[in-house]
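Here the structure is laid out as structure tokens; the discussion comes afterwards.
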Amino acid sequence: MPFDIDIYKRVVNAKMYIDDNLHEPIGLEQVSEKACFSPFHFHRLFTCIYRKTPHEYLTQVRIEAAKQMLRKGNDSVTHVCASVGFESLGSFSTLFKKKNGVSPQEYRVQQQERQKAVTEQPLKFIPHCLASHFGAE
């Protein structure tokens, strides 16, 4: 469904607000105000444009931010949970596992093992066709 460019801009600005403030408690009322729409109308527009609800989007960006923190740092899972805006460690861990198939701690261990393998045997992570093309087998 095509919308006026102003509508897109307002919804994108609200999405950018979510991106910039994911670590804070964010509600539909607050985000819809940024777009100057009623919560119901904003929810409908956002879902139509992004093919997910504002809450689903917020959860997705929080999980992605958590994954990045788990890959790059040694902060506790509790600290990561709080840093990306989740209020409950239990719900964060459950949701993380549901979305990624492993707990946050297991994800961290997998990523550390993968990074170690990349460092020790980098050619295993280059597609065979590319490696053979450049004679790096």
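Nothing in this text is a laboratory measurement; each read-out follows from the coordinates by a stated rule. As the structure is a prediction and not an experimental result, all values here were calculated from the model. Neighbour counts run over all protein chains shown; Cβ positions are idealised from the backbone, glycine included.
Here the residues 87, 56, ranked from fewest to most Cβ neighbours within 10 Å of their Cβ, fall in the order 87, 56. Treating only the Cα positions of region 64-137 as identical point scatterers, give the base-10 log of I(q)/I(0) from the Debye formula at each q in 0.17, 0.21 Å⁻¹. The calculated log intensity ratios at q = 0.17, 0.21 Å⁻¹ are -0.67, -0.84.
Note on region 24-69: Kirkwood hydrodynamic radius from all Cα pairs is 11.1 Å, rounded to one decimal. Projected label points at residue 113 and residue 72, each 7 Å from Cα along the beta carbon direction, are separated by 2.4 nanometres.
Here the contact order of region 1-66, divided by its residue count and restricted to Cα pairs under 8 Å and six or more residues apart, works out to 31 percent.
With 5 Å bins beginning at zero, the pair-distance distribution over Cα atoms of region 1-52 amounts to 4, 23, 34, 26, 10, 2, 1 %. Put in order of Cβ neighbour count within 10 Å, fewest first, the listed residues 51, 114 become 51, 114. Remark: relative contact order (the chain) = 17 percent; criterion is Cα-Cα distance under 8 angstrom and separation of 6 or more residues. Across region 64-137, C-alpha contacts under 8 Å between residues 6 or more apart give a mean separation that, scaled by the residue count, equals a relative contact order of 22 percent. Within the chain, the selection of entire DSSP H helices by a Cα span of 15 Å or greater along the long axis and an average Kyte-Doolittle value of at least 0.0 returns 39-50.
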